[in-house]
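Trainee: Structure in structure tokens, see below.
The values are calculated or read from the model by the stated rules, or taken from the named source; none is laboratory data. Just so it is clear, the model here is predicted, and its values are computed rather than measured. So basically every Cβ, Gly included, is an ideal-geometry build from the backbone, and we count neighbours across all protein chains shown. Please note that ligands, DNA and RNA were not included when accessible areas were found on the heavy atoms of the full protein model with its side chains. Shrake-Rupley method; radii C 1.70, N 1.55, O 1.52, S 1.80 Å.
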Amino acid sequence: MAEYSVFSLIREGLTGHKGWIRAWRDPEPKQSYDVIIIGGGGHGLATAYYLARNHGITNVAVVEKGWIGGGNVGRNTTIVRSNYMLDGNAHFYEHSLKLWEGLSRDLNYNVMFSQRGVLNLAHNDGQMDAYARRGNLMRLNGIDAELLDRDGVRKLYPHLDYSTDARWPIYGGLLQARGGTARHDAVAWGFARGADRRGVDILQNCEVVGFERDGDRITGVKTSRGTIGCGRVGMAVAGNTSRVAAMLGWKLPIESHVLQAFVTEPLKPLIDGVVTYGAGHFYISQSDKGGLVLGGDIDFHNSYAQRGNLPVVEDVMANGLAMMPHLSRLRILRSWGGIMDMSMDGSPIISKTPFDNLYLNAGWCYGGFKATPGSGYAFAHTIAHDAPHETNREMGLERFETGHLLDEGGKGPTPKLH
């Protein structure tokens, strides 16, 4: 695990960088594995890593239809936070944030996690009251939170629109100072490398096309590289969850939608942390390379396509200009879309399933990236012990039958809401 030490960097720098070994192997599939993880995104790779690291289960394959880092883990706005209110979410995301704080050292791979703070703006007295309630609940759960007035926000972010004729005047905001950003593709590469070093086989360009079953037990996973026998199967395929589940004749309370993100031309330092616009659905930060990274709401129709549509582009830009009018002088360099697996209560699912040896990791809505280490940690525990970890105990699939929903948004379980 020492090949990325300062000494190896100096050695390779002096010898033309010809001595680096592959970050992870490119093995052929075995006949069978103790565990097959479907999906080589952040959550699937983290699950494989923690299966090996925490539970000693190393005969594991991660099957990925494309390439590592090509899905949602590389198609987001890299925001990390744990500012949740309900116990079932708050403890899970706070555990995930604590894992983020030690992740680069744990993986011996710099994921560039930067705790520059996440601020939610409030634009009226009602929002200030709501943020005060959320902040108090966060602090009762041991999570950092600070309610700022208008002057406090202005001190941190002087470039927002504080004029008297602003479309949405800024009253204050709720700050989580320990939140921040990380480099998304480095997270995938770090977990892939860490899992590979512990014996996990990462099988790229290996698409799942079906399953072999014996009653309610899955005996094999059919892939584009042949059928692979399995002891247990974990599904972590984000926006393709309903499509893969359909191969088992299984219908889930999930809809898939595109979520777009954008990056501008690089600027000198302008925004130190992450700012979210409480009047609309808009969030913005600045990358280490200087580009402003921004996003908004999902495209409000179901899709599996990784490309967005112009009405949402216009909506995101309008919200951004209302918050920071001088953004109008910037050029957008590129955009991308990730496929969100939207659950009916807006909270994730890490769960056993009606199948004896199949486990589900899905329903991440807008929150998948920040949950990456916590999700892998809890999902690995659930697969290894056939029981949930204490952090995902309330994230079971059965909640949609019993009515014990994790309704963070207070909107209720609403099919076709989006």
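Trainee: Against the globular-protein guess of 2.2 N^0.38 Å, express the Cα radius of gyration of the chain as a ratio, rounded to two decimals.
Mentor: 0.99
Trainee: Select from GLY13, GLY295, GLY66 the residue whose mean-square fluctuation is largest in a Gaussian network model of the chain (Cα-Cα springs shorter than 10 Å).
Mentor: GLY13
Trainee: For the range 68-81, what does the Karplus curve 6.51 cos²θ - 1.76 cosθ + 1.60, with θ = phi - 60°, yield as ³J(HN,Hα) per residue in whole Hz, taken in order and with x for Gly and Pro?
Mentor: 4, x, x, x, 4, 5, x, 10, 8, 10, 6, 7, 10, 7
Trainee: Okay, moving on. Which whole-Hz ³J(HN,Hα) couplings does the range 177-187 yield from phi under the Karplus relation 6.51 cos²θ - 1.76 cosθ + 1.60, θ = phi - 60°, glycine and proline marked x?
Mentor: Karplus values, whole Hz, x for Gly and Pro: 5, 7, x, x, 9, 9, 7, 5, 5, 5, 5.
Trainee: Which residue, ARG22, ARG154, ARG393, tops the fluctuation ranking in a GNM of the chain built on C-alpha contacts under 10 Å?
Mentor: ARG22
Trainee: Using all Cα-Cα distances in the range 55-170, what percent lands in each 10 angstrom bin from 0 up to the longest?
Mentor: For the range 55-170, the pair-distance distribution reads 10, 28, 32, 19, 8, 2, 0.
Trainee: So what is the relative contact order for the chain, in percent, with contacts set as C-alpha pairs under 8 Å and at least six apart?
Mentor: Contact order relative to length: 22 percent.
Trainee: Another one. Sort out for me the Cα centre separation of the range 1-46 from the range 217-236, rounded to whole Å.
Mentor: Comparing the Cα centres of the range 1-46 and the range 217-236, I get a distance of 23 Å.
Trainee: Keeping all protein chains in place and using 1.4 angstrom, which order do LEU140, LEU9 fall into by accessible surface area, from largest down?
Mentor: Sorted by accessible area, descending: LEU140, LEU9.
Trainee: Given the chain, what count of lysine pairs have C-alpha atoms under 27 Å apart, with each pair 8 or more places apart or on different chains?
Mentor: Lysine pairs satisfying the spacing and distance rule in the chain number 28.
Trainee: Give the Kirkwood hydrodynamic radius (Å, one decimal) of the range 189-329, defined as one over the mean of 1/r across all pairs of different Cα atoms.
Mentor: Radius from the Kirkwood sum: 18.8 Å.
Trainee: Taking springs between alpha-carbon atoms closer than 10 angstrom, which of MET128, MET323, MET235 fluctuates most in the Gaussian network model of the chain?
Mentor: Result for the chain, Cα springs under 10 Å: MET128 fluctuates most.
Trainee: Here's something else I'd like to know. Check each of the chymotrypsin sites (Phe, Trp or Tyr not before Pro) in the range 61-109 and keep only those in coil by DSSP with at most 14 other C-beta atoms within 10 angstrom; list them in order.
Mentor: Sparse-neighbourhood loop chymotrypsin sites (Phe, Trp or Tyr not before Pro): TRP67.
Trainee: Counting only residues 5 or more places away or on other chains, whose amide H sits under 5 Å from the amide H of ILE218 once H atoms are built in the peptide plane?
Mentor: Long-range HN contacts for ILE218: ASP356, ASN357.
Trainee: Ok, one more. Test of understanding: what is the full-extension gain from LYS251 to HIS326, defined as 0.36 nm times their sequence separation minus their Cα-Cα distance?
Mentor: Difference between extended and current length: 22.4 nm.
Trainee: I've got another one for you. Rounding to the nearest 10 and keeping the result within 0 to 90°, find how far the Cα-based axis of helix 372-385 lies from the longest principal axis of the chain.
Mentor: 30 degrees
Trainee: Per-residue counts of other Cβ atoms within 10 Å, averaged by peptide: what ranking do you get for 43-52, 283-292, highest first?
Mentor: 43-52, 283-292
Trainee: If you put +1 on each Lys and Arg Cβ and -1 on each Asp and Glu Cβ, how big is the dipole of the range 278-418 around its Cα centre, in Debye rounded to 20?
Mentor: Dipole size: approximately 660 debye.
Trainee: A further question follows. Cβ neighbours within 10 Å, averaged per peptide: list 182-191, 196-205 in order, most packed at the top.
Mentor: 182-191, 196-205
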